[in-house]
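Chemist: Take this structure, written in structure tokens, and hold onto it; I'll ask about it next.
Laboratory data are not the source of any read-out in this text; all were calculated from the coordinates shown. These figures come from a predicted structure and were not determined experimentally. Cβ placement follows ideal geometry from the backbone for every residue including glycine, while neighbour counts extend to all protein chains displayed.
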Amino acid sequence: MRQSPCICVAIHRESDVAEASRKARQLAHAAGFDKLRCYYIATAASELATNVFMHGGGGQFEVWRLASRPGIEMMASDTGPGIADIELALTEGYSTAGSLGCGLSGTQRLMDELTIDSAPTQGTRVRACKWL
């Protein structure tokens, strides 16, 4: 169960990616995560928001504290072209943008849960949780 309020950042510019990362780190700190895990969460937030910006053409980043179990949940969503092969996209080193290809796979390692809902031409929703 999510605890209000939700922190929402519209992702339309590169500076929005930094804002999403900063907000996620601040919320993680307020939730009681240690400094290292706050930076894990901020890094994961940056990767998710970057994907929304670069691959989805913009979208939304949201982060909440969880009430049912101590932790935080992040959701990144867009209405872009979607991910044709999610398993391949989670492979270390795979990139469609000429980057290092460690965004989704790195986020999966940094967070405790990662789920991806995507279909070609339908956009993408990525949910990530980190437990305290």
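Chemist: Can you sort LEU66, LEU36 from fewest to most other Cβ atoms within 10 Å of each residue's own Cβ?
Modeler: On the way: LEU66 17, LEU36 8.
Result, fewest neighbours first: LEU36, LEU66.
Chemist: If each residue's Cβ is checked for other Cβ atoms within 10 Å, how do CYS6, CYS38, CYS129 rank with the fewest at the top?
Modeler: Numbers: CYS6 13, CYS38 21, CYS129 17.
By the 10 Å Cβ count, ascending, the order reads CYS6, CYS129, CYS38.
Chemist: A follow-up question, please. ALA10 versus TRP131, label points 7 Å from Cα toward the beta carbon: distance in nm?
Modeler: For the pair ALA10/TRP131, the computed spacing is 3.7 nm.
Chemist: Further, regarding this structure: When ARG22, ARG37 are ordered from fewest to most other Cβ atoms inside 10 Å of their Cβ, what list results? Display every interim value, and only then the final one.
Modeler: On the way: ARG22 14, ARG37 19.
Final ranking by Cβ density, sparse to dense: ARG22, ARG37.
Chemist: Okay, moving on. Could you work out the helix-only [θ] at 222 nm for the chain, with each DSSP H run of four or more residues adding -39,500 (n - 2.57) and the total divided by the number of residues, to the nearest 500 deg cm²/dmol? Show your work: numbers first, answer last.
Modeler: Numbers: 4 runs with 52 residues, N = 132.
For the chain, the value works out to -12500 deg cm²/dmol.
Chemist: Let me ask you something else. I need the per residue convex hull volume for the chain, using only the alpha carbons, in cubic angstrom as a whole number.
Modeler: Working: hull volume 12.4 nm³, N = 132.
Dividing the Cα hull volume of the chain by its residue count gives 94 Å³.
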